[in-house]
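Q: Take this structure, written in structure tokens, and hold onto it; I'll ask about it next.
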Amino acid sequence: MEKYNTIWEEIKQSLEDDLDDEVFTEIFEPVNTVFKVVNNYIYLIAPNDFIKRRIEMLYLNKLNRYLELRLDDPHKFRIMTEEQASKELADEKEFAVNTPDQTLVDRYIQGNINTSYTFDSFVVGNSNRLAYTSAIKVADQPGIVANPLYIFGDVGLGKTHLMQCVGNYILEGNMNSRVLYVKTDQFVEEYVRHASKKKFDEFNEKYRNVDVLLVDDIQFLSGKDQSQNEFFKLFELLHGQQKQIVITSDRSANELKDIMSRLTSRFEWGVTVDINRPDLDHRIKILRKKLMAETSNADLIPNDVIEYIASVFDNNVRELEGALKRVLFYCTAFNIDFTVKNAEAALENLVKPRINDNFLSENKIKNIMSIVSDYYRISTSDLISKKRTAKYVFPRQVSMYLIKTLYDLPYKKIGTFFNNRDHSTVMHSVEKITNEIEMDINVKKDVEKLTIKCGQK
Ligand code: ADP
Ligand code: MG
């Protein structure tokens, strides 16, 4: 908070220099401290509504530009009146007095919502644009535009993040709003626990008195008939009261298994959106954003390293993020530069197990083969054939070498892609090219070029 107050003081100073004296004295002089900072919004207090509106209409952009120069992390100003601020404080007190059960406050205000999961920190691209715009609409008009909002997609693509954006946004508008986030398995577990005691007061009190219900990973209701019944009742009740429900899942509602159809059909009442894998550009943007969040410096790591990480981890944003953190940690801990080579070393253990897990698709091998055969102007079938002419043998050995160095597959496995050659042939080829790279500058250059081409998928 201290930091924001200092920044505001500095901005005020610049305003005093910039603006007409009278204007400054009337409008900005009385704006003294920062009231709160929530979700990247810095709230200032204006003495009355008139001044609030003048700032908003005439000066807010200017203030935000000043802010941009001082903070790397994107923040914006918002203006409240003194009246609004003191009401908020009073509400907070009353809330605290009337609810000695502090857990209730925790449950709704913080719950297990991650406050960093805001719309600001969510990077939008083709793969998630529709989901994002739908979520914003829902957050803006809960219970009205799309109820339920059903978000589905593979693991690690941002469903939980986006769902919590909705919660954070609503809480930001009204911190007394009762936003409840629950993982489906936790819901099931709580239900079972209460059912065994046949006492539902606490359970109902928790789930039925909400304004917004966020239910994560609904596929875990599968096969849990009793919990499904309970959830059905809850859904009906909340939906009937126009309380917003947001659901995530790893698949579309009609592909859910072992969940009663009266429930899955209701999931389709509102709006269904999916989230797909981000493309390379999008992944790079995500990495920059995460880098900014981690280090407050989006340019700390050079482009080629960011591109390298983004090109290897193309499947899942959580892994992408993990890889970035690892590179950051590794290079910082060993006090070495952020280079592609060092990043490769940092990620070695992450990349290799993926390959052992059969992660490497045949397409990638075929891709290498086609790049190499194009380069040496031969056909792919000649490349993998048993023909022994030098014209074919050398490119063949180069492709084996590339597959080994890029993907570290076992020699035996590599042999299967080349007409089932045995492992010693492959090993010999890889060694031969390794030597030639040492001896012959032209071979070295060719292989480097090819490595780059193949490395970029
Ligand atoms: P899911 O719930 O789909 O499995 P999460 O929401 O847990 O995925 O996302 C995994 C990680 O990836 C989180 O740290 C999240 O912040 C991050 N993430 C995913 N998509 C995005 C995005 N579009 N912008 C920023 N971060 C993202
Ligand atoms: Mg999730």
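Q: Send over the Kirkwood Rh of segment 280-356, from the inverse of the averaged 1/r over different Cα pairs, rounded to one decimal Å.
A: For segment 280-356, the Kirkwood estimate is 12.2 Å.
Q: When the chain is fully extended, how far beyond the present Cα-Cα distance does Ser296 get from Lys62, taking 0.36 nm per residue of separation?
A: In short, 82.0 nm is gained.
Q: Oh, and also: Under 5 Å between amide H atoms, partner at least 5 residues away or on a different chain: which partners does Ile42 have, H built in plane at 1.01 Å?
A: Amide H neighbours of Ile42: Lys76, Phe77, Arg78.
Q: Rounded, prolate or oblate: which fits segment 2-95 when a ≥ b ≥ c are the square roots of the eigenvalues of the alpha-carbon gyration tensor, with rounded for a/c under 1.5 and prolate only if a/b beats b/c?
A: oblate
Q: Per residue of segment 334-351, what does 6.51 cos²θ - 1.76 cosθ + 1.60 with θ = phi - 60° give for ³J(HN,Hα)? Whole Hz please, x for Gly and Pro, Karplus curve as stated.
A: Those phi angles translate into 8, 6, 10, 6, 7, 10, 4, 4, 5, 5, 4, 5, 4, 9, 3, 5, 7, 6 Hz.
Q: Net charge near Glu26: determine it from the other residues with C-beta under 14 Å of the C-beta of Glu26, scoring Lys and Arg +1 and Asp and Glu -1.
A: Computed value for this residue: -1.
Q: Shifting gears a bit: Let me have the 222 nm mean residue ellipticity of the chain computed from DSSP H runs of 4+ only, each contributing -39500 (n - 2.57), with the sum over all residues rounded to the nearest 500.
A: Here the helix-only value at 222 nm equals -18000 deg cm²/dmol.
Q: How big is D for the chain, in µm² s⁻¹ as a whole number, if Stokes-Einstein is applied with the Kirkwood radius of its Cα pairs at 25 °C and 0.890 mPa s?
A: D = 93 µm²/s.
Q: Just the number please: accessible area per residue for the chain, 1.4 Å probe, all protein chains included, in Å².
A: Counting only protein heavy atoms, the per-residue value for the chain is 53 Å².
Q: Please tell me which of these pairs span more than 18 angstrom C-alpha to C-alpha: Lys387/Lys453; Lys183/Lys224; Lys325/Lys404; Lys386/Lys444; Lys36/Lys285?
A: Lys387/Lys453; Lys325/Lys404; Lys386/Lys444; Lys36/Lys285
Q: A further question follows. Relative contact order for segment 280-356 using alpha-carbon pairs under 8 Å, separation at least 6, rounded to a whole percent?
A: 27
Q: Under a Cβ-only charge scheme (Lys and Arg +1, Asp and Glu -1), can you give me the dipole magnitude of the chain about the Cα centre, in debye to the nearest 20?
A: 2740
Q: Now for a separate question. Which of the listed residues, Gly415, Thr25, Ile247, is farthest toward the dipole's positive end in the chain, when Lys, Arg count +1 and Asp, Glu count -1 at the beta-carbon?
A: Farthest along the dipole direction, towards plus: Gly415.
Q: Between Ser196 and Thr6, what FRET efficiency comes out of the Förster formula 1/(1 + (r/R0)^6) with R0 = 60 Å and r the beta carbon distance, rounded to 0.05?
A: Working from the Cβ atoms, E equals 0.65.
Q: Something else about it: Sort 259-268, 374-383 by packing, meaning the average of other beta carbons within 10 Å per residue, with the highest value first.
A: My ranking of the peptides, most packed first, is 259-268, 374-383.
Q: In debye, nearest 20, what is the charge dipole magnitude of segment 111-275 about its Cα centre with +1 on Lys and Arg Cβ and -1 on Asp and Glu Cβ, if you could check?
A: Approximately 340 debye in magnitude.
Q: Let me ask something else. Any idea what the relative contact order of segment 2-95 is, in percent, if you count C-alpha pairs under 8 Å spaced at least 6 apart?
A: For segment 2-95, the relative contact order is 27 percent.
Q: Calculate what fraction, in whole %, of the accessible area of the chain sits on carbon and sulfur atoms when a 1.4 Å probe is rolled over the protein chains.
A: Carbon and sulfur together cover 49 percent of it.
Q: While we're on this one: With an 8 Å cut-off on Cα pairs and a minimum separation of 6 or more residues, tell me the relative contact order of the chain in percent.
A: Reported as a whole number, the value is 11 percent.
Q: Please list 3J(HN,Hα) in residue order for segment 172-178, calculated via the Karplus relation 6.51 cos²θ - 1.76 cosθ + 1.60 where θ = phi - 60°; whole Hz, with x for glycine and proline.
A: 5, x, 8, 5, 8, 5, 8
The values are calculated or read from the model by the stated rules, or taken from the named source; none is laboratory data. Since the structure is predicted, the reported quantities are computational estimates derived from the model, not experimental observations. Positions of Cβ are generated from backbone atoms using ideal geometry, with glycine treated the same way; all protein chains shown enter the neighbour counts. Accessible surface areas use protein heavy atoms only, side chains included; no ligands, DNA or RNA. Shrake-Rupley method; radii C 1.70, N 1.55, O 1.52, S 1.80 Å.
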